[in-house]
1. Which of the residues that make up the stretch 109-165 are within 16 Å of ligand 2 (Cβ to nearest atom) and part of a strand (DSSP E or B)?
2. Hey, could you check the stretch 283-299 for residues that are in contact (Cβ under 8 Å) with a residue 40 or more places away in the chain, surrounded by 17 or more Cβ atoms within 10 Å (Cβ to Cβ) and away from ligand 2 (no atom under 13 Å from the Cβ) and say which is farthest from residue 164 (Cα to Cα)?
3. Regarding the stretch 134-149, can at least one residue be identified that is crowded, with 23+ Cβ neighbours inside 10 Å, free of Cβ contacts under 8 Å to residues at least 24 places away in the same chain, touching a helix residue (DSSP H, G or I) at 6+ places or on another chain (Cβ under 6 Å) and over 26 Å from residue 202 (Cβ atoms)?
4. Please verify whether the stretch 104-125 includes one or more residues that are over 30 Å from residue 4 (Cβ atoms), near ligand 1 (Cβ under 10 Å from one of its atoms) and surrounded by 23 or more Cβ atoms within 10 Å (Cβ to Cβ).
5. Any idea which of 62, 47 is touching a residue at least 12 places away in the same chain (Cβ under 8 Å), within 13 Å of ligand 1 (Cβ to nearest atom), surrounded by 21 or more Cβ atoms within 10 Å (Cβ to Cβ) and in a helix (DSSP H, G or I)?
6. State which residue is surrounded by the fewest Cβ atoms within 10 Å (Cβ to Cβ) when the search covers only the stretch 166-176 and only residues that are away from ligand 2 (no atom under 16 Å from the Cβ) and part of a loop (DSSP other than H, G, I, E, B).
7. Are any residues in the stretch 177-187 in a loop (DSSP other than H, G, I, E, B) and more than 8 Å from ligand 1 (Cβ to nearest atom), and if so, which ones?
8. Of (1) in contact with a helix residue (DSSP H, G or I) (Cβ under 8 Å, 6 or more places away or on another chain); (2) more than 11 Å from ligand 1 (Cβ to nearest atom); (3) in contact (Cβ under 8 Å) with a residue 12 or more places away in the chain, residue 95 satisfies all except one. Which?
Ligand code: KG4
Ligand code: ZN
């Protein structure tokens, strides 16, 4: 079964064709980064307009690279949540229209299920396991029972980890998107140069929760207070110390989830799963098998959407054509309870 998957939740217009949830036949990602870079962040209005302009050429390109026609596609899938509403509506409405006009099955896909599935495209992974979803909009630790069954254990209570990377980079004028830039600068820095405060969330209900806004504020507004003596106050050192604290926050909660559940497989997904320090830290536990998607499948792409849609289709699910998009999933981002 060949599924055409469309992704347009943020600033990449993407389409892929995947066979049987496993074989990527084509995978086209058109990034809008150059258009948002001058504003140092994603401008939702520009994002929606670029999606509207690019969606048809991107889908055509995916078919061309697969050497296929639309007749040879068995089903269409598109991201419907969470994300920027205007952006989501472009890809989702395009996907629904394509499926309706071709009389093919249609599946709406939750973007975060897609990120989690990215590692499955290139690995055989058994359920259940612990999921670590780290992107520009989310930070989630969950128990994953099946491709569509996540038990949320912890989330950020404020900013996501990717947002903290992006905001720190924006404040220091390092460029956009900030994650990969900070990751690269950190390679020439010393994480011990500064000791940023590690967020503390008390109480059992926050056992797996994370917070990144205090860290972001400390790095941006109070950096001078946290330098250790004898270290140069360089951008590289600041980046390395920030990255270390952010990654250790994630990893400490993740190990709690692993130890409490006894599940020894971790699957990571989302843009921040590309982070080199996070990958190193997760490799430090020989008793835990940590699976990452390849770098090019960490960020947004259509292959992860087509891949997860295959499993819905196999189960007989179909999304009705009156379904719509949705910007947020409340359970993926909890507020502080007190
Ligand atoms: O999954 P993604 O492409 O889009 C969302 O669903 O949000 O994630 C984008 C996020 C951005 O915050 C970006 O800065 C971050 O992933 N990112 C990284 C790295 N590469 C991308 N963060 C840390 N280290 C990286 N190497
Ligand atoms: Zn994403």
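The values are calculated or read from the model by the stated rules, or taken from the named source; none is laboratory data. Every value quoted in this text rests on a predicted model; they were computed, and no experiment measured them. Note that each Cβ is placed from the backbone with ideal geometry, even for glycine, and that neighbours are counted across all protein chains shown.
1. Scanning the stretch 109-165 gives 109, 110, 131, 132, 133, 134, 139, 140, 142, 150, 155, 156.
2. Restricting to residues being in contact (Cβ under 8 Å) with a residue 40 or more places away in the chain, surrounded by 17 or more Cβ atoms within 10 Å (Cβ to Cβ) and away from ligand 2 (no atom under 13 Å from the Cβ), the top hit is 291.
3. Looking for residues that are crowded, with 23+ Cβ neighbours inside 10 Å, free of Cβ contacts under 8 Å to residues at least 24 places away in the same chain, touching a helix residue (DSSP H, G or I) at 6+ places or on another chain (Cβ under 6 Å) and over 26 Å from residue 202 (Cβ atoms), one finds none in the stretch 134-149, hence no.
4. Quick first cut of the stretch 104-125, residues over 30 Å from residue 4 (Cβ atoms) only: none.
Taking every residue of the stretch 104-125 in turn, none turns out to be over 30 Å from residue 4 (Cβ atoms), near ligand 1 (Cβ under 10 Å from one of its atoms) and surrounded by 23 or more Cβ atoms within 10 Å (Cβ to Cβ).
5. Working: 62 fails: within 13 Å of ligand 1 (Cβ to nearest atom).
Sole residue among the options that is touching a residue at least 12 places away in the same chain (Cβ under 8 Å), within 13 Å of ligand 1 (Cβ to nearest atom), surrounded by 21 or more Cβ atoms within 10 Å (Cβ to Cβ) and in a helix (DSSP H, G or I): 47.
6. If we filter the stretch 166-176 for residues that are away from ligand 2 (no atom under 16 Å from the Cβ), which is where we start, we get 167-175.
Checking which are part of a loop (DSSP other than H, G, I, E, B) leaves us with 172-175.
Working: 172: 19, 173: 8, 174: 19, 175: 15.
Filtering the stretch 166-176 for residues that are away from ligand 2 (no atom under 16 Å from the Cβ) and part of a loop (DSSP other than H, G, I, E, B), the one surrounded by the fewest Cβ atoms within 10 Å (Cβ to Cβ) comes out as 173.
7. Kept after step one, since they are in a loop (DSSP other than H, G, I, E, B), are these residues of the stretch 177-187: 177, 187.
Within the stretch 177-187, 187 is the sole residue that qualifies.
8. (1)
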